[in-house]
1. Taking the criterion of being free of Cβ contacts under 8 Å to residues at least 60 places away in the same chain, acidic (Asp, Glu), outside any helix (DSSP H, G or I) and surrounded by 13 or more Cβ atoms within 10 Å (Cβ to Cβ), would at least one residue in the stretch 103-117 satisfy it?
2. Has the stretch 5-28 got any residue that is surrounded by 10 or more Cβ atoms within 10 Å (Cβ to Cβ), in contact (Cβ under 8 Å) with a residue 24 or more places away in the chain and in a helix (DSSP H, G or I)?
3. Among the residues of the stretch 64-96, write down those that are in a loop (DSSP other than H, G, I, E, B), at pLDDT 80 or above and surrounded by 17 or more Cβ atoms within 10 Å (Cβ to Cβ).
4. Among the candidates Gly18, Gly45, Gly28, Gly3, single out the residue that is modelled with pLDDT under 85 and of a type outside the set (A, V, I, L, M).
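The values are calculated or read from the model by the stated rules, or taken from the named source; none is laboratory data. Treat the numbers as computed from the prediction; the structure is a model and nothing was measured. In this analysis, Cβ positions are derived from the backbone assuming ideal geometry, glycine residues included, and neighbour counts consider all displayed protein chains.
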Amino acid sequence: MRGDKRGLVGWIILGIIGFIILVLLLAGFYLYNYYVFETVRICIGEEHDVLYTCETSEDCFEATGNIDIISSLDGAPEFIAGTFNEMLDTAIYCNQTCFVREVRGINPETQQLERLDNCYDNEDEIVVEVRGKDAWEVYSWMKSQTE
């Protein structure tokens, strides 16, 4: 009889430990795939004609010195490269001459992100939600850049 109680207590403890492990696995899965750790907002505002004759947007990228930045994103995670390309396509374009729009949300000198709560009414907005999976991809990419 006493051995039966020990066995039962052992099974209960094992069940509790299994339940805790299951909860931790589900929480990790949720944090990795769905939880938004950071929201990055980029605001693209007023355009300025830089008076440089062009035929394609690539001519404007070269004229403004953004070709080097594009090449520095080789191997970057898709959500970074895709967002950056979308921002460049919106911010720099060719209409017989090159037009460059003001960009808020990225410091042009340090290339660091700035926190913006919202964009002004006359600005286009690009919003990127960074989840655990994305953060891990950025970490792995940045680590590979330093090696």
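1. Within the stretch 103-117 (the criterion being free of Cβ contacts under 8 Å to residues at least 60 places away in the same chain, acidic (Asp, Glu), outside any helix (DSSP H, G or I) and surrounded by 13 or more Cβ atoms within 10 Å (Cβ to Cβ)), the answer is yes, since at least one residue qualifies.
2. Scanning the stretch 5-28, I find no residue that is surrounded by 10 or more Cβ atoms within 10 Å (Cβ to Cβ), in contact (Cβ under 8 Å) with a residue 24 or more places away in the chain and in a helix (DSSP H, G or I), so the answer is no.
3. Of all residues in the stretch 64-96, those in a loop (DSSP other than H, G, I, E, B) come to 65-66, 72-77, 96.
Next, from what is left, pick out any that are at pLDDT 80 or above: 77, 96.
Passing the criteria: only Pro77.
4. Gly3
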